[in-house]
Each structure stands twice: as C-alpha cells, then as structure tokens.
Amino acid sequence: MIPVRETEAWALVDGDALRRVFGTTLLDGALGLPQSANAVEAATDPKASLTSAFSATNPTERRRKQGVAPLLNALGEEVSLSRLRRLAAFASLESELRLALRQLRILP
C-alpha cells in the first residue's frame with residue numbers, strides 16, 4: 001500500500017494534470033508547485049502544498065468545503081507516467097512491481 005502522503009506528493013509533479021482536474025489555467029508558479037522532482041520529494045507537507053494549489057484556483061464555496069480529497073482519484077488518472085518516473089520513490093515502486101510480476105511469471 002502506498003501512503004497517502006506519497007500519492008499527494010506525486011500529484012504535485014504534474015502541473016498539467018492539476019490544471020485539468022482543478023479546472024484552471026494558472027501556471028505552476030501561481031499554484032505554488034515545486035519546481036523540480038527533487039523538490040516534490042523533499043516537500044515536508046505535500047497535503048498542504050496540494051491544498052494551497054487548490055485554494056489558489058479560487059474554488060467555489062462548495063468545492064472549497066469538499067477540499068482536494070475527492071479529486072485525488074482524478075489526479076491519479078491524469079498524472080503523466082513520464083513525470084512520475086522522474087521521482088525516485090515512484091521509479092523504485094515501479095521497479096519493485098516489475099520484479100514481483102516477473103517472479104510470479106506474469107511478466108517475461
């Protein structure tokens with residue numbers, strides 16, 4: 001199981017996905033997104049960063065009350081795998097998953 005903190009950090013790596021899901025055209029800087037993969041992984045409170053990015057979009061009162069949590073699945077579907085692979089933690093997860101699937105003879 002992947003900790004929620006990790007998935008929240010992973011969502012920060014793809015500003016384009018955030019823009020699509022949040023429904024905004026704000027650039028990464030205006031959303032307060034980390035500028036590099038290393039900065040994403042160094043974020044001490046990715047939930048706060050994600051919430052701050054969401055708040056920067058000036059959501060409606062109803063969306064603000066719901067918060068970011070209902071959007072995490074959509075973010076997971078939208079985030080770019082190539083951008084995720086820039087993150088050491090994701091690359092490690094992917095490598096371990098491939099190894100396990102090979103050991104189970106699901107992958108060659």
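Yes/no per residue for (1) at pLDDT 95 or above; (2) of a type in the set (Lys, Arg):
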| residue | (1), (2) |
| --- | --- |
| Arg63 | no, yes |
| Leu72 | no, no |
| Glu78 | yes, no |
| Ser82 | yes, no |
| Ala88 | no, no |
| Ala91 | no, no |
| Leu99 | yes, no |
Exercise. Consider Lys47 against the criteria (1) within 20 Å of Thr7 (Cα to Cα); (2) modelled with pLDDT of 95 or more; (3) surrounded by 11 or more Cβ atoms within 10 Å (Cβ to Cβ); (4) not aliphatic (A, V, I, L, M): it satisfies all of them except one. Which criterion is unmet?
Worked result: (2)
Exercise. Part of a helix (DSSP H, G or I), over 15 Å from the mean Cα position of the chain (by Cα) and within 20 Å of Thr7 (Cβ to Cβ), is that true of Ser95?
Worked result: yes
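For Thr57, state whether it is surrounded by fewer than 16 Cβ atoms within 10 Å (Cβ to Cβ) and at pLDDT 95 or above. Walk me through it before giving the result.
Numbers: surrounded by fewer than 16 Cβ atoms within 10 Å (Cβ to Cβ): no; at pLDDT 95 or above: yes.
For Thr57, the condition - surrounded by fewer than 16 Cβ atoms within 10 Å (Cβ to Cβ) and at pLDDT 95 or above - is not met.
Only one of these is surrounded by fewer than 18 Cβ atoms within 10 Å (Cβ to Cβ) and under 30 Å from Ile106 (Cα atoms): Leu27, Leu93. Name it.
The unique qualifying residue is Leu93.
The values are calculated or read from the model by the stated rules, or taken from the named source; none is laboratory data. Because the structure is a prediction, the values reported are computed rather than measured. As a convention, Cβ positions derive from the backbone with ideal geometry for all residues, glycine included, and neighbour counts pool all protein chains shown.
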